[in-house]
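See structure below.
The values are calculated or read from the model by the stated rules, or taken from the named source; none is laboratory data. Note that the coordinates shown come from a computational prediction; the quantities given were computed from them, not determined experimentally. Glycine gets a Cβ as well: all are built from the backbone with ideal geometry, and neighbour counts include every protein chain shown. Please note that ligands, DNA and RNA were not included when accessible areas were found on the heavy atoms of the full protein model with its side chains. Shrake-Rupley method; radii C 1.70, N 1.55, O 1.52, S 1.80 Å.
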Amino acid sequence: MSKIHQALNERILILDGAMGTMLQRYNFTEEDFRSERFADFPHPLKGNNDLLSLTQPQAIRDIHALYFEAGADIVETNTFSGTTIGMADYHMEHLVYELNYESAKIAREVADEYTAKNPDKPRFVAGSIGPTNRTASMSPDVNDPGYRAITFDQLLIAYKEQVRALIDGGSDLLLVETIFDTLNAKAALFAIEEVKEELGLDIPVMVSGTITDASGRTLSGQTVEAFLISISHIPLLSVGFNCALGADQLKPYLKRLAHNTSFNVSAHPNAGLPNAFGQYDQTAEEMQVLIKEYLDDNLINIIGGCCGTTPEHIKLIAEVAANYEPRQLPVIS
């Protein structure tokens, strides 16, 4: 049994909070994003947070450490947009392998430091695989519903490069997250299976979808149950939801998920809904109260935070989760 499976049997695992929210605190300038290496790069780079693993690695290291200090068992690599598709916006497709490898390496080093401090609480690195900014199921052109901006095969190739680098860099598991189009996710999962076979290894996989609004569906139109059926052919470590909604709005969908799967269930909701300025106002204390409801209802095995969450949020979530046993996995006939 792998260490993470063993840990899941023993306790509710804590996932980290938002990377982007923490990076905003630094107010990095265009020059900071470039550093010396990319000082003469011919295109703007500000906003390319994944690049900071190369140009501001200490900041990334410090953020991981803050989340581990707060009680996180798992930190996500700084690779949410780390595919050739995502990096095309910055003309940096050629850096994809290096970005993912170095991001995983940074997280691995920090995780190992914290595991060494307390071997009874091993720390894990989740290679973060985002949805890309393209959708394989829907047309971006309302006048041409049959048009697709990306193909399944293009997604597969892009994800395989990212997956291989995340594994080479030292990820313990892979997290396919913020899924708004399940076809994109299926490409990522297919890529993972191919890389696993090529490398002759097994690596746990987490899947986390996104319910985009009060309709209770993903952006590509699936209900909770349809989403679950679409990805359940893969032997997953966990399935869950993140982003788009706060903990209270997410709860009914999480409940439906927990009652219909024998996988572990994860959640990393936002710190409430954004205000008129796009900021998240929900305090750590307020979010803790809502997460306690998840725990009281025995809904989760892995819990963390998405947009707007900070080490303060994760610390209080970890404190309340420590009082509960992990969700028992039901047998689904």
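The table for this structure:
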read-out: Single condition Pro326 does not satisfy, out of (1) assigned to a loop (DSSP other than H, G, I, E, B); (2) touching a residue at least 24 places away in the same chain (Cβ under 8 Å); (3) out of contact with any helix residue (DSSP H, G or I) (no Cβ under 7 Å at 6 or more places or on another chain); value: (3)
read-out: Long-range neighbours under 6 Å by Cβ, at least six apart or interchain, first residue over 17 Å from Lys160 (Cα atoms) and open to solvent by less than 70 Å² (accessible area, probe 1.4 Å) within region 88-115, second among the β-branched types (Val, Ile, Thr) and part of a helix (DSSP H, G or I); value: Ile106/Ile60
read-out: Count of region 193-213 residues which are over 24 Å from Leu254 (Cβ atoms) and either in a strand (DSSP E or B) or over 18 Å from the mean Cα position of the chain (by Cα) (or both); value: 10
read-out: Pair list, Cβ < 7 Å and 6+ apart or interchain, from region 120-141 residues that are of a type in the set (Phe, Trp, Tyr) to residues that are in a strand (DSSP E or B); value: Phe124/Ile74; Phe124/Leu173
read-out: Close pairs from region 173-184: first within 16 Å of Thr223 (Cα to Cα) and touching a residue at least 12 places away in the same chain (Cβ under 8 Å), partner open to solvent by 10 Å² or more (accessible area, probe 1.4 Å) and part of a strand (DSSP E or B), Cβ under 9 Å, at least 6 apart; value: Thr178/Cys243; Thr178/Ala244; Phe180/Cys243; Phe180/Ala244
read-out: Within region 123-170, tally of residues that are crowded, with 24+ Cβ neighbours inside 10 Å and of a type in the set (D, E, K, R); value: 1
read-out: Options Tyr294, Tyr280, Tyr324: the member that is touching a Gly at 6+ places or on another chain (Cβ under 8 Å) and among the hydroxyl-bearing types (Ser, Thr, Tyr); value: Tyr280
read-out: Region 5-19 - residue that is within 20 Å of Glu319 (Cα to Cα) and of a type in the set (A, V, I, L, M, F, W, C) and, of those, surrounded by the most Cβ atoms within 10 Å (Cβ to Cβ); value: Leu15
read-out: Looking only at region 39-60, and only at residues there that are of a type in the set (A, V, I, L, M) and under 21 Å from the mean Cα position of the chain (by Cα), the one that is surrounded by the fewest Cβ atoms within 10 Å (Cβ to Cβ); value: Ala59
read-out: Subset of region 213-246 (residues that are out of contact with any Pro (no Cβ under 7 Å at 6 or more places or on another chain), among the polar types (S, T, N, Q), within 22 Å of Asn133 (Cα to Cα) and in contact (Cβ under 8 Å) with a residue 24 or more places away in the chain); value: Thr218, Ser220, Gln222, Ser230
read-out: Candidate set from region 105-131 (those that are in contact with a Phe, Trp or Tyr (Cβ under 9 Å, 6 or more places away or on another chain) and assigned to a strand (DSSP E or B)); member that is farthest from Val75 (Cα to Cα); value: Ile129
read-out: Single residue of region 61-87 satisfying the filter (open to solvent by 10 Å² or more (accessible area, probe 1.4 Å), among the charged types (D, E, K, R) and within 18 Å of the chain's Cα centre (by Cα)) that is nearest to Glu161 (Cα to Cα); value: Glu76
read-out: Any hit, region 296-303, residues being at positive phi and touching a strand residue (DSSP E or B) at 6+ places or on another chain (Cβ under 7 Å); value: no
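Residues checked against (1) within 16 Å of the chain's Cα centre (by Cα); (2) open to solvent by 30 Å² or more (accessible area, probe 1.4 Å); (3) of a type in the set (Asp, Glu); (4) within 29 Å of Ser139 (Cα to Cα):
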site: Asn184; (1), (2), (3), (4): yes, no, no, yes
site: Ala191; (1), (2), (3), (4): no, no, no, yes
site: Ser215; (1), (2), (3), (4): no, yes, no, yes
site: His233; (1), (2), (3), (4): no, yes, no, yes
site: Leu237; (1), (2), (3), (4): yes, no, no, no
site: Asn242; (1), (2), (3), (4): yes, no, no, yes
site: His268; (1), (2), (3), (4): yes, no, no, yes
site: Pro274; (1), (2), (3), (4): no, yes, no, yes
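Listed here are the residues, each with its yes/no results for (1) part of a helix (DSSP H, G or I); (2) farther than 18 Å from Asp73 by Cβ; (3) out of contact with any helix residue (DSSP H, G or I) (no Cβ under 8 Å at 6 or more places or on another chain).
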residue: Gln222; (1), (2), (3): no, yes, no
residue: Ser230; (1), (2), (3): yes, yes, no
residue: Tyr253; (1), (2), (3): yes, yes, no
residue: Arg256; (1), (2), (3): yes, yes, no
residue: Ala267; (1), (2), (3): no, no, no
residue: Lys292; (1), (2), (3): yes, yes, no
residue: His313; (1), (2), (3): yes, no, no
residue: Ala318; (1), (2), (3): yes, no, no
